[in-house]
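**Q** Take this structure, written in structure tokens, and hold onto it; I'll ask about it next.
The values are calculated or read from the model by the stated rules, or taken from the named source; none is laboratory data. Since we're looking at a predicted model, the values are computed, not measured. Neighbour counts run over all protein chains shown; Cβ positions are idealised from the backbone, glycine included.
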Amino acid sequence: MRRRERIFRKPLPKHVAIILDGNGRWAKRRGQPRTYGHRHGALNLRRIAFEAHDLGIEVLSVYAFSTENWKRPQEEIDFLMQLPHNLREDFKDRFKHDEIRVVFSGRRDRVGKKNKELMAELEEKTKDREGLIVNVCLDYGGRHEIIEAAKSLAMAVQEGTRKPQDIDEAAIEEELYTHPLPPVDLLIRTSGELRISNFLLWQSAYAEFYFTKVHWPAFSVRRFHKAILSYQKRDRKFGGLKRSDHQ
Ligand code: FPP
């Protein structure tokens, strides 16, 4: 049976998150500048997002720029700061005919006025769509997100609108950029690195991890299917026991 058909026999992950790593190395191997790798990385995101949509996955989160990526050379930062614009262009045809929705997670105070406006525009224009949600994490850091949630809850306590004893998981989740998206089920990292790098820390508490040595621009639809099939073989227990182990 073909991979794609096999995928439909078991529950799909609702939320897939991807650390799009290896654009630079992929480009270097081809004797090209790093930005060439990012361009091909963006084109590959288009391919994988459309497949995720067609499969019926609910959310695809991607790590496009981390709070630490400001340390990169200015030329590369300038290129990556055009990602919201590229996203609008690359997804144009599908935005028109399809049901893809875009949201952004991350700080909005350092990405520039133009980006801020464009991001709000894309979110607003696509907000009523019912297909795949592409969550683009831009100037995103998991620790920063949690710090901001803590600050906001502390303020509410100070203002008397919340009691400390009422702060629970749901209260924190409501303050995260990703609210009300479901938790991450499958977290994919390309390019051989075996770490989470401050990505969706809270949301990935019970995620299944899938690592591959393939660089992001070369991570094909076939490889995406392979990652989903691997996820479907896992036994997710969320800290409990398997049903059959209960006696
Ligand atoms: C990591 O590769 C990748 C990034 C920091 C940026 C990823 C961004 C994209 C693929 C584009 C997303 C597109 C849109 C439209 C939102 P790296 O540069 O760290 O590669 P290296 O580890 O080989 O140096």
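**Q** Can you work out which of the residues in region 50-78 that are hydrophobic (A, V, I, L, M, F, W, C) and either within 9 Å of the ligand (Cβ to nearest atom) or touching a Cys at 6+ places or on another chain (Cβ under 8 Å) (or both) is farthest from ILE188 (Cα to Cα)?
**A** Selected residue: PHE65.
**Q** Please find, among ARG110, ARG25, the residue that is outside any strand (DSSP E or B), near the ligand (Cβ under 8 Å from one of its atoms) and either modelled with pLDDT of 95 or more or more than 30 Å from LYS233 (Cα to Cα) (or both).
**A** ARG25
**Q** Go through (1) surrounded by 16 or more Cβ atoms within 10 Å (Cβ to Cβ); (2) more than 9 Å from the ligand (Cβ to nearest atom) for LYS92 and report which single condition fails.
**A** Only one criterion in (1) surrounded by 16 or more Cβ atoms within 10 Å (Cβ to Cβ); (2) more than 9 Å from the ligand (Cβ to nearest atom) is unmet by LYS92, namely (1).
**Q** Something else now. For the structure I just gave you, tell me whether ASP21 is surrounded by fewer than 19 Cβ atoms within 10 Å (Cβ to Cβ) and not basic (Lys, Arg).
**A** no
**Q** Let me ask another. Surrounded by fewer than 22 Cβ atoms within 10 Å (Cβ to Cβ), in contact with a Leu (Cβ under 9 Å, 6 or more places away or on another chain) and among the β-branched types (Val, Ile, Thr) - does that describe any residue in region 1-10?
**A** Taking every residue of region 1-10 in turn, at least one turns out to be surrounded by fewer than 22 Cβ atoms within 10 Å (Cβ to Cβ), in contact with a Leu (Cβ under 9 Å, 6 or more places away or on another chain) and among the β-branched types (Val, Ile, Thr).
**Q** Additional query: Do we have any residue at all in region 105-123 that's under 24 Å from ILE19 (Cβ atoms), in contact with a helix residue (DSSP H, G or I) (Cβ under 9 Å, 6 or more places away or on another chain), in contact (Cβ under 8 Å) with a residue 60 or more places away in the chain and buried (at least 18 other Cβ atoms within 10 Å of the Cβ)?
**A** yes
**Q** Which of the residues spanning region 2-22 are within 13 Å of the ligand (Cβ to nearest atom) and either in a loop (DSSP other than H, G, I, E, B) or farther than 27 Å from GLU208 by Cα (or both)?
**A** Scanning region 2-22 gives LEU20, ASP21, GLY22.
**Q** Shifting gears a bit: Just to be sure before I move on: is ASN86 at pLDDT below 95, in contact with a helix residue (DSSP H, G or I) (Cβ under 8 Å, 6 or more places away or on another chain) and within 12 Å of the ligand (Cβ to nearest atom) in the structure I sent?
**A** So ASN86 passes the test.
**Q** Yes or no: TYR231 loosely packed, with under 15 Cβ neighbours inside 10 Å, touching a Pro at 6+ places or on another chain (Cβ under 7 Å) and on the phi < 0 side of the Ramachandran plot?
**A** no
**Q** Which one of these does SER204 not meet: (1) over 14 Å from the mean Cα position of the chain (by Cα); (2) over 20 Å from HIS38 (Cα atoms); (3) small (Gly, Ala, Ser); (4) in a loop (DSSP other than H, G, I, E, B)?
**A** (1)
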